[in-house]
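Written below as C-alpha cells is the structure these notes are about.
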Amino acid sequence: MALTVNPIVQLRALTTLGLTLHLSVHPSQTIEASGAGYRAVPLTAWTVEGKRALHREIVFTFSGALGTVYGYYVTGPDGAVLLRDDIRTPEGDPPVIRVAGDEIAITPVLRVL
C-alpha cells in the first residue's frame, strides 16, 4: 500500500527524516512498534520533482507476529514527530501482522518549500 502525505518540508531537511510504525489507535500516544524484526528506517532516498519529494518505497517485512499497526510517523533528527498518518488495507482496516513474512509498504511523498 502506498500512502501520500503533504506536509511542508524544507529541502535541506529531507536527509534527516526517519520513518517509524506505530501501534496506538490514539493520535495523542506515540507507541512505536518493537520486536518481530521491526526497526525504524532513515529516509534518505528522495527524488525531488518540482515541489514534491518522493521517497522510494519502504517495505517492512516482519519475522513474526506484531499485532495491529495503525500508522506511521515521520520523525525529525531529534526524534520529534513531524507527521502522523494512518495505514489501511484495501478493505479500510489497519493491517495486522500475524506471521513471519507479513509486509507493510509505504511510499512517502512530501511537499517541499
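Skipping prolines and chain starts, which residues have an amide H placed within reach, meaning under 5 Å, of the one on ILE97, given they are 5 or more residues away or on another chain?
LEU66, GLY67, THR68, VAL69
Please name which of VAL74, HIS26, LEU110 has its Cα lying farthest along the dipole of the chain towards the positive end, using unit charges on Cβ (Lys, Arg +1; Asp, Glu -1) and the Cα centre as origin.
Farthest along the dipole direction, towards plus: LEU110.
How high is the relative contact order of the chain? Use alpha-carbon pairs under 8 Å, at least six apart in sequence, and give a whole percent. Working shown, then result.
Details: 255 pairs, mean separation 43.5, N = 113.
38 percent.
What fraction of the DSSP beta bridges in the range 8-112 is antiparallel, stated in percent and rounded to the nearest 5? Walk me through the numbers before you get to the answer.
Values: 27 of 29 bridges.
So the antiparallel bridges amount to about 95 percent of the total.
Rule-based calculations on the coordinates, nothing more; no lab input. Treat the numbers as computed from the prediction; the structure is a model and nothing was measured. Neighbour counts run over all protein chains shown; Cβ positions are idealised from the backbone, glycine included.
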